[in-house]
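The values are calculated or read from the model by the stated rules, or taken from the named source; none is laboratory data. What you see is a predicted model, and the numbers here were worked out from it, not measured in a lab. A quick note on method: Cβ atoms are made from the backbone with ideal geometry, for glycine too, and the neighbour counts reach across all protein chains shown.
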Amino acid sequence: MILQPVLNVFLLVLLCAPIAAIGVLALVKAPGRGKALWAMRLVMLLAVFVMLLRPGIPGGSTQTLATDTDIVLVVDTTASIVAEDWGDGQPRLAGVRADVQSIVDEYPGARFALITSAASADLRLPLTTDTTALISSLDVLRPEVTSQSRGSSVGIANQLLADTLANAAETQPDRSRMVFYFGDGEQTVDSPPEPFDGSSRYTDAGAVLGYGTAEGGPMRLTTGAVDGTPGDYIQYQGANALSVIDETNLERIASQLGVEYQHRSAEAELVLPEAPSTTTAYAESGSVGNVIELYWIAALVVAALLAVEMLRASMLIARLRHLRAPRTTPADGGDA
C-alpha cells in the first residue's frame, strides 16, 4: 500500500481528531436510533480521512526519456510577428507557438530558455525543465506596442544569446546545447544586423525557422490594452502596410549559428534535427513507477452516506412543513 496524502498526515490528524471526538461523544449520549445516525457520521469522517491520505497500490512502471540538452529559443516579437499570413489569415505568432509545442514534445526532459527580440533583447525565461511555464510565457506573449516602436534589428539578441549559452556551458559543460531562432528576418533599422557567430561555438544543433510570405501580410496595431483587443491595421500610403519575409537575413543567421534554415508554413510539417549524442536513451533513463489510485473507493462511501443524510434531511423538512400546515374544517351548515 502506498500513501500520497494531500497534506501532511499530522495536519490531517489535527483537522479530523476534534471532529471525531465530538462525534464519539454524541454517539455515547445519543438515544436509540440516534446512535446509528452518529455511527454513520463517524464512518463518513473516517472515509474522508482515508480519501485525503490518497492510498494506492503499485501498478507497474513506465520508461522515460531524458534529453540531456539545453535548448534556447529566440523569438522575434516585433510588430511584424503578428502579420496575418500564417495559415488561413492567422498571425505568424500562432505558427511560432505551434512550432515551440512541437519542439517541447520532440525533446522531452530538456531544459528550455526563452529570449525575445524586439527593440531590445530580454531573457523571459531562464533555463528550466518546466515546460508548462514556457508554454504559458508564449501564450501571454505580445509584440511591442506599435506606437513605441523605433525600428529593430534581427540580430539584437546576439549578445544575450551568446551569454546565455556561455553560462550554460560553464555551469554544466557535459550538456549539449541547441538554438532555435523564430522570425521573419525583417531589418527595420538602417544599420546591418549584428552577427550571431559568437554563439556558434556553443551550439551543437538547432534551426532558424522563418515565418511569412513573399506577398506579405497585414499587421494590426498593438496597443498594449489589458483586454488584448486587436487594433486597426497599420496603414502605409492609404493602404494596409504589409510585412514581407526576408529569407536572406534568416539564412545568414542560420549560417552564423551553424544550423539549418527552414521556411515555415501552416501546411508544411516541421522537420527537427536529432538531439545531440548526449541525449539519454530509454534504457539509461530508468523507469518511473505508476500508482493505481484507491481514494475513489472512499469517495464513493462518502457520496453514499451524504445521500443518506440528504434524504433524511428532506424527510424531516417535509414532515415539519406538514406539521406547520393549517388544518381546514368544513363549514358548519345551518338548519333549513
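Only one of the numbered conditions (1) within 30 Å of Asp246 (Cα to Cα); (2) in a helix (DSSP H, G or I) is not met by Val24, and that is (1). A single entry from Glu144, Glu84 fulfils the requirement of being part of a loop (DSSP other than H, G, I, E, B), in contact (Cβ under 8 Å) with a residue 40 or more places away in the chain and touching a strand residue (DSSP E or B) at 6+ places or on another chain (Cβ under 8 Å): Glu84.
Taking Gly210 as the residue in question, decide whether it is in the same structural domain as Ile234 (by TED's automatic domain parsing), within 20 Å of Leu250 (Cβ to Cβ) and among the small types (Gly, Ala, Ser). When the stated conditions are applied, Gly210 passes them.
Quick test for you: out of Gly109, Gly32, Gly89, Gly56, pick the one residue that is over 21 Å from Asn167 (Cβ atoms) and buried (at least 16 other Cβ atoms within 10 Å of the Cβ).
Numbers: Gly109 fails: over 21 Å from Asn167 (Cβ atoms); Gly32 fails: buried (at least 16 other Cβ atoms within 10 Å of the Cβ); Gly89 fails: buried (at least 16 other Cβ atoms within 10 Å of the Cβ).
The unique qualifying residue is Gly56.
Residues that are in a helix (DSSP H, G or I) and hydroxyl-bearing (Ser, Thr, Tyr) occur in region 147-164; there is at least one.
Screening Val100 with (1) surrounded by fewer than 15 Cβ atoms within 10 Å (Cβ to Cβ); (2) under 28 Å from Leu134 (Cα atoms); (3) touching a strand residue (DSSP E or B) at 6+ places or on another chain (Cβ under 7 Å); (4) not acidic (Asp, Glu) gives one miss only, at (1). Of Thr132, Thr188, all but one fail to be at pLDDT below 95, hydroxyl-bearing (Ser, Thr, Tyr) and part of a loop (DSSP other than H, G, I, E, B); the exception is Thr188.
Checking the structure you have, find out if any residue of region 49-72 is among the β-branched types (Val, Ile, Thr), within 25 Å of Val189 (Cβ to Cβ) and in contact with a helix residue (DSSP H, G or I) (Cβ under 7 Å, 6 or more places away or on another chain).
First, the residues of region 49-72 that are among the β-branched types (Val, Ile, Thr): 50, 57, 62, 64, 67, 69, 71-72.
Filter again for within 25 Å of Val189 (Cβ to Cβ), leaving 72.
Pick out the ones that are also in contact with a helix residue (DSSP H, G or I) (Cβ under 7 Å, 6 or more places away or on another chain) and you get 72.
Yes, some residue in region 49-72 is among the β-branched types (Val, Ile, Thr), within 25 Å of Val189 (Cβ to Cβ) and in contact with a helix residue (DSSP H, G or I) (Cβ under 7 Å, 6 or more places away or on another chain).
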